[in-house]
Amino acid sequence: MRRIFQGMVYVLGTYAVGAWSAFASLPEEPVSTPYGKIPLPYVEPAPDDSLGAPFGPPDSLRPPPTPRPRLPDVLPFGPGELLEFSIDYGIINAGGATMEIQEVRRIAGRSCFDIHTEARSNSVFSKVYKVWDRSQTFLDAQELLPLRYEKHQREGDYKKDLLIKFDRAKNVASYENGDQVSIHPHAQDELSAFYYLRAVPLEVGREVYVDTHTNRKNYPLKVLVHRRETITVPAGTFDCYVIEPMMREGGIFSAKGKLTVWITADEKRMPVLLRTKIVVGSISASLVKYREGERARRIGGTARS
């Protein structure tokens, strides 16, 4: 039972909460899960005189630059939005998770969405393997780029705290111990990446690229849009895009370890289901309740649509 929940925490991560952590937030060493060990991608070490690891692969291997999609003037989300999920292994409930956008705040002179996520194991699972993960990002309301990211993980005996500040003028990510790492000009953190994805155009058969940064490393993600599908979850029945995030270079997950996300095809673009198959059965995070927020106007601060 403990191994099941460990796999659940890693695959759904804070993104049973924010569905992206499994791909954007990688541990420092291979992780054992119910379906075997997941290896880490190769990241080229930084030269001694650099600020940190360069983003992406070496120039000879880097794919041609992909233009950033045009962002809509009115976003699909905004202050007041609250999404509540049930985390389950088959028919067994293991806990719950929330994603919430709080009031707009000023950070470094910019208006930012204050986005929080939280995942907790329930009382039954906590007796075997207690989990309480929290994360927060301040997302620039105009450019949809994070300025500050914070994460606190409490998983069994494991404890980790992370704080990253993004200097957009210098394209540098700074850590509490003084480390600085060069980043892509449009780099997202592991939580903001999902909100960015909600805002960009999606089309079946097309790919979306998202440059991400966490744990002093840069990870270019490729998101596949597989199909449209109508599904029913506790919160209701929704017409959805079925998407799959994966590493742009090579890939870190085998087919049996991939993460699939159902995101509504309407103007809300809400995640309603996350699922990963394991050797026996599957692990999922299903939307059970939601509160719509004030759809925000990207240019000139927030306003009702």
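Computed from the coordinates by the stated procedures, all read-outs in this text should not be read as laboratory data. The structure displayed is predicted, hence computed values, not measured ones. All Cβ positions, glycine included, derive from the backbone under ideal geometry; neighbour counts span all protein chains shown.
Of note:
- Difference of contour (0.36 nm per residue) and Cα-Cα distance, Arg110 to Glu143: 10.9 nm
- Taking Asp88, Asp157, Asp266 and counting other C-beta atoms within 10 Å, the order from fewest to most: Asp157, Asp266, Asp88
- Taking 24 Å as the limit for the C-alpha separation, the pairs Lys130/Lys151; Lys222/Lys277; Lys127/Lys160; Lys165/Lys277 exceed it in the case of Lys165/Lys277.
- Here's how it looks for Met270: its modeled amide H is under 5 Å from those of Thr264, which are all 5 or more places away or on a different chain.
- This model, with +1 at the C-beta of Lys and Arg and -1 at the C-beta of Asp and Glu, gives the stretch 94-193 a dipole about its Cα centre of some 180 debye.
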